[in-house]
DNA sequence: CTGGGCGGTTGACACGTTTCAGGGCATAGG
DNA sequence: CCTATGCCCTGAAACGTGTCAACCGCCCAG
């Protein structure tokens, strides 16, 4: 059992209160006493017990972040943004992975509630679980990340995904593509739905019909999901087969790219691909991916700022921030053969 | 302020001790009382205060994991392995990113010490910081991940990186390559050094000389670092330029690949690449990467098991586990043009 | 000489939980 | 009727810290 504040007090010949003051308000302690106490602390290897602090303070010095897929670099970039804000504030980050499964999400939220975290940053699964509502009703600040708020009574940091989908689709339409695929996911995330809607709207405006849009929904928003979708596309009769795809994220786009190459379909000459998120691997792919860029790190840091502000109390006003995505054009959608422009 | 165990007790008309029993040893409480208490808990929305539990128990229900680069999928896979072991045991995971910088590592370790984590899993930076020693001396279990233990007095889960380097190099040598580059890093990580040594040994055995091995050490073990190294290689006179590279990890290998493609060097025809770690993106690259596979997830889960065993106390014996890496051959090192085999 | 002010220190209490010795009560056995 | 035996339950202590009112000397102004 490690040394306690009491051991330090004894060793330095002062009271516990003084030791506490040295730790928390060093300026009220005389220099001589302070030195003596610090010496005792060093000698005993004393380390504050956070549990006791927390118990006393009523809340802990931690923040929770719950993401859909820790293996998706988009979320690690978000996490890094969160860390950049949260660590300097003296808070530790508890990173949780829900794997897009509501049960895991709920379990993590329960743990975070028991930990009395200062607040929770979360990209929730499709339906907002009751656990999240319970948490908020209990007064724990919750900021939604990469997801719009259902109402004005909470903070959210999101991206205009309808616009993102539109940008991606318009780009392909401009390049002369008419039969376009949207590759989304089966889990029904609103972000994905919005991207779809943006694509659909652009296609309708350009072609006057929506049936030009083929929507595929593989099980998961992963590389494997992308491969699966690509295989389906390659299997279609050439007359109906799309010539380009907008993917709901870059992982899927990479999967599509990989499968196309494997099947001997040349990208972008025979099939163009647009991804979403613009993770670093998008640019690093050997056929660099055109992608819809989101401010990944900023998404995290801004959300963390809002969370800290809300946790601080005093006249916090809820903010629903919506970033504008930007299309980054790279090889995977460039026209090489056919004229185009 | 949320409801406490005392509020529950009052509301249910029992003592605090009984409520605690309902929570921790429900079998000793009569069914009727138990129901009444559970009802009160639900009605009040009571959630246990972990801080108080921890204070009482002396240690918390968390485990720390400190990694070198959260943006490297290798480490997120390790983290997933850790989670798989640690969550079922009722423990939360605090994931920290040291960014390969000793100061950040130390700061994180301090926080973990204050949190009284059950133990720490860490891939340390090059030199073992005193903070780590201090932590161990204080009795906190520490398991090294992807790093050999300096002595028999602690657990470590590592990979035979000399063998890994050798496998990579021998593969290239068999393919007829003679001038080989090893692309490592400047930070001096022993893992990287061992990989280098394996490569060097293989080259010496095959060619009788070591001067065939060009060693490059870009700043960071990242995609950007790989690009940087590749640019240097392309800039060399053809007579001395290597025809293949072993990279210290897959991120760098992807960077090399990307830069080679950008410069019009065909992979693998003109330049072969072997990565290390075999992250998912290695296979997903449009020129799939040959890579030295490590059991990423298992590395994490095994380390977590050892940590939990050590934390449990009772006759724990330190284990230094060393996994054997396996070479996974893909396109990036296949000979296409020249005969070879 | 006295009173007031001030810098520095003290010591007790509270935070919410777990644990454990002990106590009340009913039932069964003598 | 008394005692032994379980079964449930109670109540207090303890974990380590932060806070705060109170206190102690000491100096200075009056």
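Screening the candidates B:157, B:120 for the property of being more than 14 Å from every other protein chain (Cβ to nearest Cβ) and either in contact with a strand residue (DSSP E or B) (Cβ under 6 Å, 6 or more places away or on another chain) or not in a strand (DSSP E or B) (or both) yields one hit, B:157. Among the candidates A:80, A:136, the residue that is within 10 Å of chain B (Cβ to nearest Cβ) and in contact with a strand residue (DSSP E or B) (Cβ under 9 Å, 6 or more places away or on another chain) is uniquely A:80. Within 16 Å of DNA strand C (Cβ to nearest atom), free of Cβ contacts under 8 Å to residues at least 40 places away in the same chain, assigned to a loop (DSSP other than H, G, I, E, B) and within 20 Å of the chain's Cα centre (by Cα): does that describe residue A:140? When the stated conditions are applied, residue A:140 passes them. The set of residues in segment B:256-287 that are within 30 Å of residue B:300 (Cβ to Cβ), over 20 Å from the mean Cα position of the chain (by Cα) and part of a helix (DSSP H, G or I) comprises B:256, B:257, B:258, B:284. Residues in segment A:264-274 that are within 16 Å of residue A:225 (Cα to Cα) and away from chain B (no Cβ under 12 Å): A:274 alone. Could you look through segment B:49-73, keep only residues that are within 7 Å of chain A (Cβ to nearest Cβ) and under 30 Å from residue B:6 (Cβ atoms), and pick out the one that is modelled with the lowest pLDDT? Across segment B:49-73, the extreme among qualifying residues is B:58. Of the helices (runs of 4 or more DSSP H) lying entirely inside segment B:10-95, those containing at least 3 residues that are within 31 Å of the chain's Cα centre (by Cα) and more than 10 Å from DNA strand C (Cβ to nearest atom) are B:73-86.
Going through segment B:1-15 one residue at a time, which ones are within 30 Å of residue A:311 (Cα to Cα) and within 8 Å of DNA strand D (Cβ to nearest atom)? Answer for segment B:1-15, where residues must be within 30 Å of residue A:311 (Cα to Cα) and within 8 Å of DNA strand D (Cβ to nearest atom): just B:9. Of all the numbered requirements in (1) within 16 Å of DNA strand D (Cβ to nearest atom); (2) within 11 Å of another protein chain (Cβ to nearest Cβ), residue A:21 misses one, and that requirement is (2).
Here residue A:318 clears all of (1) at pLDDT 95 or above; (2) assigned to a loop (DSSP other than H, G, I, E, B); (3) within 20 Å of residue A:246 (Cα to Cα) except the condition numbered (3). The single condition from (1) crowded, with 21+ Cβ neighbours inside 10 Å; (2) within 24 Å of residue A:67 (Cα to Cα); (3) away from every other protein chain (no Cβ under 11 Å) that residue B:89 fails is (1).
The values are calculated or read from the model by the stated rules, or taken from the named source; none is laboratory data. These numbers come from a predicted model, not from an experiment. A quick note on method: Cβ atoms are made from the backbone with ideal geometry, for glycine too, and the neighbour counts reach across all protein chains shown.
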